[in-house]
Structures are given as structure tokens and as C-alpha cells.
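A quick write-up on the structure given underneath.
Every number here is computed from the coordinates shown, using simple stated rules; none is lab data. Because the structure is a prediction, the values reported are computed rather than measured. With ideal geometry, Cβ positions are generated from the backbone for all residues, glycine too; neighbour counts draw on all protein chains shown.
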Amino acid sequence: MANDIAPGGQLTTTADVENLHGFPEGILGIDIVDKFQKQSERFGTEIFTEKVTKFDFSSRPFKLFTDSRTVLADAVIIPTGAVAKRLSFAGSGKGADGFWNGGISACAVTSLWCVFAIGHEPATKFLDGQLELDEDGYVVTKPGTTKTSVVCVFAAGDVRDKSYRMFMWCVVKVKVSAFVCISFD
């Protein structure tokens with residue numbers, strides 16, 4: 001599994017996740033990411049902290065390129081997510097003069113904070129036209145599945161779904177994709 005330099009994506013910037021089953025007191029987003037990683041490693045997943053810079057989906061095995069290696073894969077799951085678009089105004093940034101994640105958020109669950117959202121941008125530019133995308137740049141999947149326009153390439157979570165902006169929804173779709181991958185062995 002390639003997890004770039006910040007495994008867990010937007011979940012790592014979430015202070016308190018208060019609606020996750022099994023954690024009645026809540027849990028930090030970064031702690032969830034750590035638990036997921038440990039569980040993956042327990043089952044033999046090799047994790048490398050590198051950014052995949054290019055894919056070749058033209059034939060199997062697929063090729064995934066980083067700055068230091070080429071990985072061959074019979075199947076690929078893309079759970080790269082989408083990034084909240086932010087308005088730029090005084091106080092909207094991070095740091096000493098900003099209130100991002102300190103009073104301003106793009107997450108509606110934090111009901112006492114000022115919430116603003118002007119849409120999301122899916123993380124699909126790196127795919128370089130190898131998968132079918134919709135007019136907004138989201139990966140198109142066959143209805144009711146995580147299957148993309150390329151056999152054995154799957155998309156899960158916010159990279160394909162404009163409706164549910166919840167990490168557990170992504171986790172479920174990654175698991176579904178993994179089960180489908182296993183059936184190709």
C-alpha cells in the first residue's frame with residue numbers, strides 16, 4: 001500500500017471523531033489512522049510511505065511508479081479522496097492569524113464552529129486520463145460497485161462519491177473493492 005507522505009488524508013486533521021462505533025469517548029483522527037495501519041500490517045500488508053507519481057493501466061500487471069521504485073499490481077484500489085475547496089478571506093487560513101480547524105471548518109459535524117463549504121476537488125489529476133472521470137473530475141464507477149472503466153482498477157470513497165463525505169463510507173467501499181480483487185486470483 002502506498003500512502004504518500006501523509007497516510008490517512010483528511011482524517012489526520014480531524015480532532016475528535018465522536019461518532020465511530022466502538023469509541024464511546026471519541027477518538028482522534030490520527031489515532032484511527034494508526035490503528036488501521038497496524039491492523040493492515042498485522043495481515044501482511046507492505047506499506048511504503050511514498051507518493052505514487054504515475055500509473056500505467058494499459059496492461060496487467062499494472063505499473064505504479066514512485067520516485068524510487070516501480071510496483072507491479074494485478075489490481076489497484078484508488079481511495080485518494082477529495083479536498084474541500086476553501087474561500088480565502090482574512091482569518092480563513094492556518095497559523096497564528098487564522099482559524100482553520102480552530103473555529104472554521106469544512107465539516108458539518110462540528111456544529112459549534114463556523115462551517116463553510118464551496119465544494120470539493122477530487123484527487124484524480126495524477127491519473128492522467130487513464131480512467132473515466134465525470135465532468136467534475138470524480139472517478140466514474142459502474143452503478144452499485146467500485147469498478148472503474150479499467151478492469152481490476154477500483155475507486156473508493158470521496159474520489160468517486162459526491163454524496164457521502166464520511167471516512168467510514170470510504171472504509172466500507174475499500175473493503176468491498178478488496179473482496180472483489182481477491183475474487184480475481
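Counting charges near ASP56 (Lys, Arg +1; Asp, Glu -1) among other residues having Cβ under 13 Å from its Cβ returns a value of +2.
Whole-Hz Karplus values for segment 40-56 come out as 4, 5, 4, 9, x, 5, 8, 10, 10, 8, 9, 8, 6, 9, 7, 10, 10 Hz, taken residue by residue from phi with 6.51 cos²θ - 1.76 cosθ + 1.60 and θ = phi - 60°; glycine and proline positions read x. Across segment 119-126, coupling constants 3J(HN,Hα) worked out from phi with the 6.51/-1.76/1.60 Karplus curve, θ = phi - 60°, read x, 10, 10, x, 7, 10, 4, 5 Hz, and Gly and Pro carry x. In a fully extended conformation the segment linking HIS21 and LYS38 would gain 4.3 nm over its present Cα-Cα distance, using 0.36 nm per residue.
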